[in-house]
Amino acid sequence: MREKITERFLKYVKFDTTANPKNSACPSSEGQRVFAQSLVEELKNLGLEDANLDENSYVMATLKGNVDDVDTIGFISHLDTAPDITGKNVNPRVIKNYDGKDIVLNEELNIVTYIKDYPELESLKGQDIIVTDGTTLLGADDKAGVTAIMSAVEYLVNHPEIKHGDIKIGFTPDEEVGRGADLFNIEKFGAKYAYTIDGGAEGELEYENFNAAGATIKIQGRNVHPGSAKDKMINALHIACEIADSFPKEERPETTEHYEGFYHLNDINGSVEEATMIYIIRDHDKVKFEARKQYMIDVIEKLNIKYDNRINLDLKDQYYNMKEKVEPVIFIVDIVKQSMEDLGIIPNIVPIRGGTDGARLSYEGLPCPNIFTGGINFHSKNECVSIDAMEKCTRLITKIAESYTKR
C-alpha cells in the first residue's frame, strides 16, 4: 500500500491546480479541471461506474456497499492548492527515514527548512517524508487528502471481505479561495454524514472551526502638492495606519492560539488619494465573533466622524463554526476517534484555526468533521507530508467505513 500511496501522491502534485482568487469562474484555474478529469477516469478504472464531473469541476462517485441498512457516508477533499505560492512545476523529493534535523531543500538557492522555525518536524523523525525543492508549494493541502481517499477506494475494491455501506466520494474546486462548497450539490452527493480529509498532522480530528467574516475598507483621501498641503491634504495611507492601530496588537494571528480569535490585516494597498485594506475576523465563540464585528464597525464610525465620512466598510460573514451542527450527531466524531484508537493512532481533537468545506456543508445539512492527512507547514515552500501518516489516513478511511456497519 505504501508504495502505491507514494506513487499516487507524486503523480497528483504534478498537476498545477493553483486557485486564482481574481477569477470568479468555477473552477478558477484550468489545471483543476484537468486534474478532476484525470480523477474521474481513475475512479472509473477502479470500477466506480457513476464517477462524474460536472460543469464546475466537482467530482462525485459512489463505491457501492456490500451490506444493507447502513448509513451512506462520504469522504471529501479539494482539488486546488493555495495561491500563496505557485504550484507549478512541483519537484518533490522523498526522504527515507528522516533524521529529524534541518532539511536542505535547495542547496543552490540556500533554501533550508530549519527545525528552530518548524519544531513540529521533529515528530516526523524516522518516518518517510516528501518535501519540495524550495521553489513551490508541495500541494499536500489537499492532494494528500485526495491520495488517501483514492487509495482507500482502491483498497476496498481489492478487499471485498471488508464490509461497508455505500461510500460517496467528492472532490471540490477552489476551497483555498473560500468557494469550495459554493456549488456543491448535497442532494446529488447523497451522503447522510461526511468527512473532509483536509487536516494536518497525524491524529488530528476536528469538528470545531472559526466563525469567519471578511472586511473590505476603502478610504478616500485628498491629494495636493506636498509643498502646499497644509490644511488641504488628507492622506489615505495615514488613515489606514490609524485604522490598523485601532485593533489590539495582542489579537492578531501571530499573537494568538487555540481558541483565541483575531483581527488579521491580510492586504493593504493604495496612495495618498485612496487606499484599500482587507481584513479577516475570526473567533470560535459566536458571541465574541459578533462583538469583534461590532468593534470594527465602531472603529470605522468613530473615524468617519473625524474624517468626514471618507471611509467605507463592507463587512460580510463567510462561514460559521460547524460545532453547532456536529454536536447533535457527535457519534460521527466518536466513530473516528475509536477507529483511530483501534489502528494505534493517538487522536488529537483540536479546533481548526481556519475553515474547511465541511464548515459550510455542515450548515447546509451535511455534518462534516475534518480528519488529518499527514501534511504540515501548508501554504509554504517548507510544506511536507509524511508517507507514514498518509498510509494511516488511508487505513483510517477504510476502518471508518467498516465501523458504520457495526452501529
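State to the nearest 20 debye the size of the charge dipole of region 203-277 about its Cα centre, where the only charges are +1 on K and R beta carbons and -1 on D and E beta carbons. Mind showing how you got there, number by number?
Details: 6 positive and 14 negative charges, 157 e Å.
Around 760 debye, computed over region 203-277.
Roughly speaking, what is the centre-to-centre gap between region 316-362 and region 209-255 when only Cα atoms are used, to the nearest Å? The two parts, judged by their Cα centres, are 37 Å apart. Within the chain, DSSP assigns beta bridges of which about 75% are antiparallel (rounded to the nearest 5).
By average Cβ neighbour count within 10 Å, what is the ranking of 311-318, 123-130 from highest down?
My ranking of the peptides, most packed first, is 123-130, 311-318.
Applying both filters, DSSP loop and at most 15 other Cβ atoms within 10 Å, to the GluC sites (Glu not before Pro) of region 31-61 gives Glu49, Glu55. Qualifying GluC sites (Glu not before Pro) in region 248-288, where qualification requires a DSSP coil assignment and no more than 10 other C-beta atoms within 10 Å, comprise Glu250, Glu257. Between the helical axis of 236-245 and the longest alpha-carbon principal axis of the chain there is an angle of about 60 degrees. The residues of the chain present an accessible area of 45 Å² per residue when probed at 1.4 Å with all protein chains retained. Its Cα centre serving as origin, region 176-312 has a Cβ charge dipole (Lys and Arg +1, Asp and Glu -1) of approximately 760 debye.
Length gained on full extension, Glu301 to Lys4: 101.1 nm, using 0.36 nm per residue less the C-alpha separation.
Rounded to the nearest 10 degrees, the angle from helix 30-45 to the longest Cα principal axis of the chain is 10 degrees. Once you sort the root eigenvalues of the Cα gyration tensor of region 1-138 as a ≥ b ≥ c, which label holds: rounded (a/c under 1.5), prolate (a/b larger than b/c) or oblate (the other case)? Judged from the Cα gyration tensor, region 1-138 comes out oblate (a/c at least 1.5, b/c at or above a/b). Helix 387-403 and the longest principal axis of the Cα set of the chain meet at an angle near 70°. Could you point to the residue in His164, Tyr118, Thr147 farthest towards the positive end of region 105-212's charge dipole, with +1 and -1 charges on the Cβ of Lys/Arg and Asp/Glu respectively? Working it through, the farthest residue towards the positive pole turns out to be His164. Toward the positive end of the charge dipole of the chain, about the Cα centre and with charges on Cβ (Lys, Arg +1; Asp, Glu -1), which of Tyr319, Ile95, Ile335 goes farthest? In the chain, that residue is Tyr319. Between Thr255 and Asn309, full extension at 0.36 nm per residue minus the direct alpha carbon distance yields a gain of 16.3 nm. As an equivalent ellipsoid, region 118-186 spans semi-axes of 28, 22, 10 angstrom, where each value is the square root of five times an eigenvalue of the C-alpha gyration tensor, largest first. In a reduced charge model with +1 at each Lys and Arg Cβ and -1 at each Asp and Glu Cβ, region 49-183 shows a dipole moment near 460 debye about its Cα centre. Comparing Arg93, Arg33, Arg179 in a Gaussian network model of the chain, where Cα atoms under 10 Å apart are tied by springs, the biggest mean-square fluctuation is seen for Arg93.
The values are calculated or read from the model by the stated rules, or taken from the named source; none is laboratory data. Predicted, not measured: the structure shown is a model, and the values here were computed from it. Every residue, glycine among them, receives a Cβ derived from its backbone with ideal geometry; neighbour counts consider all protein chains shown. To get the accessible areas, we keep the full protein, side chains included, count just its heavy atoms, and leave off ligands, DNA and RNA. Shrake-Rupley method; radii C 1.70, N 1.55, O 1.52, S 1.80 Å.
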